[in-house]
1. Calculate for the chain the 222 nm mean residue ellipticity that helices alone would give, adding -39,500 (n - 2.57) per DSSP H run of length 4 or more and normalising by residue count, nearest 500 deg cm²/dmol.
2. Would you mind putting 162-169, 19-26 in packing order, based on average other-beta-carbon counts within 10 Å, highest first?
3. Rounding to the nearest 20 debye, state how big the charge dipole of the chain is about its Cα centre with +1 on each Lys and Arg Cβ and -1 on each Asp and Glu Cβ.
4. If R₀ is 35 angstrom, what is the calculated FRET efficiency for the pair ASN62 and TRP35, using the beta carbon separation as r and rounding to 0.05?
5. So, R0 is 30 Å and r is the distance between the beta-carbons of ASP22 and ALA71; what FRET efficiency does that work out to, to 0.05?
6. Name the residues whose placed amide hydrogens come within less than 5 Å of the amide hydrogen of GLN78, ignoring near sequence neighbours (fewer than 5 apart) on the same chain.
7. Using a Gaussian network model of the chain with C-alpha springs under 10 Å, which one of VAL97, VAL177, VAL149 is most mobile by mean-square fluctuation?
8. Could you work out which residue, out of GLY136, GLY145, GLY48, moves most in a Gaussian network model of the chain, that is, has the largest mean-square fluctuation with Cα springs under 10 Å?
Amino acid sequence: MLITIPDLLDQSKLIEINELLDQGQFKDGKLTAGWHAKLVKNNTQLSGRDKAAKQATALLTNALQRNPAFAHATLLRQMRSLLFSRYEPGMEYGNHVDDAIMGSDRSFRTDISFTVFLSDPKSYEGGELIMDSSVGEQKFKLPAGSAVVYPSTTLHRVAPVTKGVRQVAVSWIQSLVRSAEQREIIYDVDNTRRALFEREGKSREFDLLTKTHANLLRLWSEP
């Protein structure tokens, strides 16, 4: 399942986060890449120990936790700390798939990846997030403050930036439901019952969908 979340960040929070990133010290992105991803990764990243990164992480994490679409789509069990990346002219990230297992002290499985776009798409050229799919390539260059959420099994890349600066935040999630197909079914049932409630209130049909939603979680979740 792949979804986009518009307006994850309001303008004031977006400005605050970008101002924090301007104060941070960015380092070679290869330092956090796997042995084969190092060959195609060319960007810079803000160290998680950086004071600016910690403050920006707190702001963005709060926005993610408060967003219903993000919660319903991911069924979050745990999330790796946010990673802030910068792409300047000539930088790109070639084809790769995200590591299946991340973390050192407390390893976890990556089921879901996401990117939060922090730069106005008109302020840079290139830099599209490109995903391979069964129907061909899908390209994403979303408005600042928007996010795209997609399965970590996806082969993807970041096109070369030819002008301006592309700033994003990325992270990875272990979901309560491992299967992307099962998460999509739960997501669709949840959206349907919520839409029905908005239209008709608490009805017999709403109760049956709520029962189905709860029982699917019981059947498929891995707490």
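Laboratory data are not the source of any read-out in this text; all were calculated from the coordinates shown. If you're wondering where the values come from, they're calculated on a predicted model, not measured in any experiment. All Cβ positions, glycine included, derive from the backbone under ideal geometry; neighbour counts span all protein chains shown.
1. Working: 5 runs with 73 residues, N = 223.
The helix-only estimate for the chain comes to -10500 deg cm²/dmol at 222 nm.
2. On the way: 162-169: 19.1, 19-26: 15.9.
Sorting 162-169, 19-26 by mean packing, highest first, produces 162-169, 19-26.
3. Details: 29 positive and 27 negative charges, 97 e Å.
It works out to roughly 460 debye.
4. Numbers: r = 34 Å, r/R0 = 0.98.
Rounded to the nearest 0.05, the efficiency is 0.55.
5. Numbers: r = 30 Å, r/R0 = 1.00.
The formula returns an efficiency of 0.50 here.
6. GLN174
7. The residue that fluctuates most here is VAL97.
8. GLY136
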